[in-house]
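J.: Please read through the structure below; I'll follow up with questions.
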Amino acid sequence: MTNGIDVNGLDGARHAVSDADRAGLDAGLRGATLAEGDDGYTEAREIWNGMVDRKPALVIRAMGTEDIRAAVNFARDHGLRMSVRAGGHQIAGLAVEEGSLMLDLSQMRSVQVGPEARTARVEPGATLGDVDGATQEHGLAVPVGVNSTTGISGLTLGGGFGWITRKYGMTIDNLLSAEVVTADGSVLKVSETENPDLFWAIRGGGGNFGVVASFEFRLHPVGPEVLSGLIVHPLSEAAELLPKFRELCDAAPDELTIWSVLRKAPPLPFLPEEWHGREVLIFAACYAGDMAEGEAAMRDLRALGSPIADVIGPHPFTGWQAAFDPLLTPGARNYWKSRDFLALGDGTIGAILEAVGHLPDPQCEVFIAHVGGAMARVASGATAFPQRDSHFTMNVHTRWDDPANDAACISWARGLFEATAADAAPSVYVNFMPEDEPERLAEAYGGNLDRLREIKARYDPANLFRVNHNIQPQTVTEAAQ
């Protein structure tokens, strides 16, 4: 041990954590504390977005609910700033803060499936791959995202949508209960009937209200195979095909999800070599239902244009869930800008095509997700996540390796973001927000923000959980107005 560690305080000053304080904390943990130079420290601090290179002063690696509780109590009692790292996948990189305390949940990855009840209990460090792998052993699934290395905690707390959302709703729509450690060290069960206000808030409100120690999800029969795959077209056909994509999405049954990706073609084995590195339009589609019905539902999509390749077919659901993993590996530099559109207007399509014609790096892409169906039949006030209209979400996914390209790539993303402002809806998916967009919090929560601030004031009045897309607690004066 050293002579102690200085940690960022909630008051803006540096606070000394003595060797004795650290030893006392360690003695009560199943896990351990880690400082720079300790085995496991580097692994704990490294996250998915390679742009984020921060060193916490002290890491508390949790192995269970009581470890989480001990960490929360330690941070509160010592007045320390604390970030919470689960999967470490969030684009903003708020899982780790320079010089602060970090609670690391990444080792808590258990997934326990109850096949008869069709439920799963999931620990907060689990990835989507962990969840899909365990649930698919029983032919079941919960709607999650589209990259298997994403953490279940951040995805769920922000909302969660993917290939089966149109059929079965968002991740939060399938959350039955959770165990939450709040700022005062309480361990609360939350559900529709127990602490329902806190249950409402964590379904979209992020990590503002406590640390989730476990989730209980409702599962649905899916797989083990789904009709899914990619259809690749030359970018030169996109001006004609994207309006037809828009029409197909609007008419699609709930079982069918179609997304578009515009980028330079990666060296996929089913693409002719002469297309590798050239700009393409990719339709990614999944049908969550009967294979024959899926073939009929995708017929019009597959009849569009003259594709370079069409690899729609039966695929294991777990494989399809990981299909984009090679394009989303950890360690690259990433910067995102995102917009929602109630309709995909011609002006927006034109702006996207103009930008894709000038990609700043071969890894950069624009994807357009269409969501609706079951998730759109939930009232906007039913959960903290408010955007329940059927809509398109554009993610300008800027990705590169060389720090020398930072300015060019970030400028490109911001340029496309500005060019699509006219048609945009007044909302944004909080999980797609980079760190430099605090002013968009009102867009993320819309009419639910006031209620979130009131609940924040009850469960975390001192704003202990602030290293996030932060919801400020409502003040006494505001509450009295």
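A short reminder: the numbers here are calculations on the coordinates, not readings from a lab. Since this is a predicted model, take the numbers as computed values, not measurements. Neighbour counts run over all protein chains shown; Cβ positions are idealised from the backbone, glycine included.
J.: Find the centroid of the Cα atoms in the stretch 130-159 and in the stretch 71-113, then give the distance between the two in whole Å.
T.: About 20 Å separates the Cα centre of the stretch 130-159 from the one of the stretch 71-113.
J.: For the stretch 182-222 and the stretch 316-381, compute the distance between their C-alpha centroids and round to whole Å.
T.: Value for the Cα centre distance between the two parts: 28 Å.
J.: Among 197-208, 402-413, how do they line up by average Cβ neighbours within 10 Å per residue, starting with the highest? Let's see the in-between values first.
T.: Numbers: 197-208: 24.2, 402-413: 14.8.
The most tightly packed comes first, giving 197-208, 402-413.
J.: Angle, helix 449-459 long axis vs. longest principal axis of the chain, Cα atoms, 0 to 90°, nearest 10?
T.: Long axis of 449-459 versus the principal axis of the chain: about 30 degrees.
J.: Another question about this same structure. Report, in degrees rounded to the nearest 10, the 0 to 90 angle that the Cα long axis of helix 238-251 makes with the longest principal axis of the chain.
T.: Around 70 degrees separate the two axes.
J.: Next question, about the same structure. Taking R0 as 45 Å, what's the FRET efficiency between Phe324 and Ala35 from their Cβ-Cβ distance, rounded to 0.05?
T.: 0.80
J.: Please list the equivalent ellipsoid semi-axes of the stretch 5-104, computed as the square roots of five times the alpha-carbon gyration tensor eigenvalues, in descending order and whole angstrom.
T.: In descending order the semi-axes read 20, 15, 12 Å.
J.: Set the Förster radius R0 to 56 Å, insert the Cβ-Cβ distance between Ala382 and Glu240 as r into 1/(1 + (r/R0)^6), and round the FRET efficiency to 0.05.
T.: Values: r = 39 Å, r/R0 = 0.70.
It comes to 0.90.
J.: Right, another one. According to a simple spin-label model (label point 7 Å from Cα along Cα-to-Cβ), what is the distance in nm between Ala462 and Ala27?
T.: Result for the modelled spin labels: 2.3 nm.
J.: Let me ask something else. In nanometres, what is the gap between the two model label sites at Asp184 and Asp11, each 7 Å from Cα along Cα-to-Cβ?
T.: Distance between the two pseudo-spin positions: 2.3 nm.
J.: May I pose another question? What number, rounded to the nearest 500 deg cm²/dmol, is the helix-based mean residue ellipticity at 222 nm of the chain, given -39500 (n - 2.57) per DSSP H run of at least four residues and division by all its residues?
T.: Taking each H run of at least 4 residues, the total per residue is -7500 deg cm²/dmol.
J.: While we're looking at this one, here's another question. In debye to the nearest 20, how big a dipole does the stretch 111-221 give about its Cα centre with +1 on each Lys and Arg Cβ and -1 on each Asp and Glu Cβ?
T.: Computed about the Cα centre, the dipole is about 320 debye.
J.: Mind ranking 78-84, 275-281, 165-171 by how tightly packed they are, going by the mean number of other C-beta atoms within 10 angstrom, highest first?
T.: 165-171, 78-84, 275-281
J.: Turning to a different aspect of this structure: Once Lys and Arg get +1 and Asp and Glu get -1 on their Cβ, which of Ala71, Gly24, Ala35 lies farthest toward the positive end of the dipole of the stretch 1-87?
T.: Of the candidates, Ala71 comes out farthest on the positive side.
J.: In Å, the Kirkwood hydrodynamic radius of the stretch 159-222 over pairs of distinct alpha carbons?
T.: 12.3 Å
J.: Quick one: length gained pulling Ala292 to Asn470 fully straight, 0.36 nm per residue minus the C-alpha distance?
T.: 59.4 nm
J.: Let me ask something else about it. With +1 on each Lys and Arg Cβ and -1 on each Asp and Glu Cβ, and nothing else charged, work out how big the dipole of the chain is about its Cα centre, in Debye to the nearest 20.
T.: Values: 39 positive and 65 negative charges, 121 e Å.
Charge dipole, the chain, about its Cα centre: 580 debye, nearest 20.
J.: Does anyone have the angle between helix 346-356 and the longest principal axis of the chain? Alpha-carbon axes, 0 to 90°, nearest 10?
T.: 80 degrees
J.: Taking 30 Å as the cut-off for C-alpha to C-alpha distance, list the pairs among Lys55/Lys167; Lys55/Lys456; Lys55/Lys337; Lys55/Lys264; Lys167/Lys456 that go past it.
T.: Lys55/Lys167; Lys55/Lys264; Lys167/Lys456
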